Amino acid sequence: MKLGVFLPNWIGDAVMATPALRAVRDHHPHAEVVGLARPYVAEVLRGTDLLDRTLLYDPKEKQGERSERSFVRRLRAERLDAALLLTNSFRTAWLAWRSGAKRRVGFARDLRGWLLTDRVTPKPKSRPHPVLDEYNRLAETLGCSTLSTRTELAVTDEDARQFESFWENRDWRLRSSGFVAMSPGGAFGAAKHWPTEHFAELAGQVVRDLDRTVLVLCGPAERDTAREITSLADDPRVLSLADGPIGLGVTKAAVREATLLVATDSGPRHFAAALGTPVVTLFGPTHISWSETHYDLARHVQLDVDCGPCQKRVCPLGHHRCMQELTPAAVMPAVRELLASGKRGAA
């Protein structure tokens, strides 16, 4: 059996899909599982045994191997027995239909039901519910019976080496007692961002009050933000990856080693649960229920405002109260609690 899995396009969603991928792997141990994904999603899952191979595509590319025309040609050459759509778009349902897969499992939404052979009725968007559980429902439709909510990721040797290179020529004492990682980024939109000044203030409190090093994580687009946080904190124990190796693999390696992660509701927040690291997530415009992962060492902090959660990428009212008024003082108790417990999750 050859099974193609259309993977989610968001980094966090890809992590939340790993329990469903594990169920597929366990239920079909002899099947060849081919991931169909954007390049950055493949990087997130690299190192796991959830997929045998990955075919990459990018709808923005008009020519080349990752263009839609080339991707469809490669898909048809795969001669898939089944396609599992962990995506909700009409485009991916159309691609699955064009692949020639005999069985196509996905949510019947956005007028794409006729492209599927196994139509799963989605829960109404008006009632927030965990996306992770929805992915498991799709796996169950494919016959999987052993379902869990435990996410998983891997850190490759190359990821670990790159992260190790960051610490070269730095005082070993900065690392010896463990560090708190902070992730200020978020591709969803500006509404999820916590003010840079708040991150800097929280970092200073962690260093002074808890005697911990703080490491600010970043992707290529957040280098300047990470630099600004370290500048405002103005303490040699507040470091950032801005001038070191950057990538999803390095971020996974950093999160795995951290004693705690403080993050916005973005992709790296989900790395923590998958790698056994306690995590404090700062929620603003998004419903906690959508991205609930049932992780015991996760603490969610959200300000109760009359205009939210609005699920908007940019604050429609312009004041961004849900994040602006979420103070470091409101976040610090959760940080203290998880660090005091000394617990780690299973990775």
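The packing ranking, built from the mean of other Cβ atoms within 10 Å per residue, places the peptides 213-225, 136-148 in the order 213-225, 136-148, highest first. Size descriptors for region 2-141 (Cα atoms only): Rg and Dmax, in that order, 14.0, 41 Å. Looking at region 144-200, the GluC sites (Glu not before Pro) that sit in a DSSP loop and have at most 11 other Cβ atoms within 10 Å of their own Cβ are Glu168. Other residues lying with their Cβ under 12 Å from the Cβ of Leu3 contribute a combined charge of +3, Lys and Arg counting +1, Asp and Glu -1.
How much net charge surrounds Asp265 when only other residues with a Cβ under 14 Å from its Cβ are counted (Lys, Arg +1; Asp, Glu -1)?
Within the 14 Å Cβ shell, the charges total +3.
Students often get this wrong, so try it: which of (1) 67, 52, 34; (2) 64, 43, 33; (3) 61, 48, 40 is Cα extents along the principal axes in Å as calculated from the structure shown? Entry (3).
Structure shown: which of Lys125/Lys252; Lys62/Lys252; Lys62/Lys125; Lys192/Lys252; Lys125/Lys343 lie over 28 Å apart, alpha-carbon to alpha-carbon? Result: Lys125/Lys252; Lys62/Lys252; Lys62/Lys125; Lys125/Lys343 exceed 28 Å.
Going from the fewest other Cβ atoms within 10 Å to the most, the residues Ile11, Ile246, Ile288 appear in the order Ile288, Ile246, Ile11. Taking other residues whose beta carbon is less than 12 angstrom from the beta carbon of Gly284, and scoring Lys, Arg as +1 and Asp, Glu as -1, yields +1.
Of the chymotrypsin sites (Phe, Trp or Tyr not before Pro) found in region 128-218, the ones in coil according to DSSP and having at most 15 other Cβ atoms within 10 Å of their Cβ are Trp172. The alpha carbons of region 212-347 occupy a box of 38, 33, 26 Å along the principal axes, longest dimension given first.
Read-outs throughout are calculated quantities, based only on the coordinates presented, and are distinct from any laboratory measurement. This structure is a prediction, so every number in the text was calculated from the model and none was measured. Glycine gets a Cβ as well: all are built from the backbone with ideal geometry, and neighbour counts include every protein chain shown.
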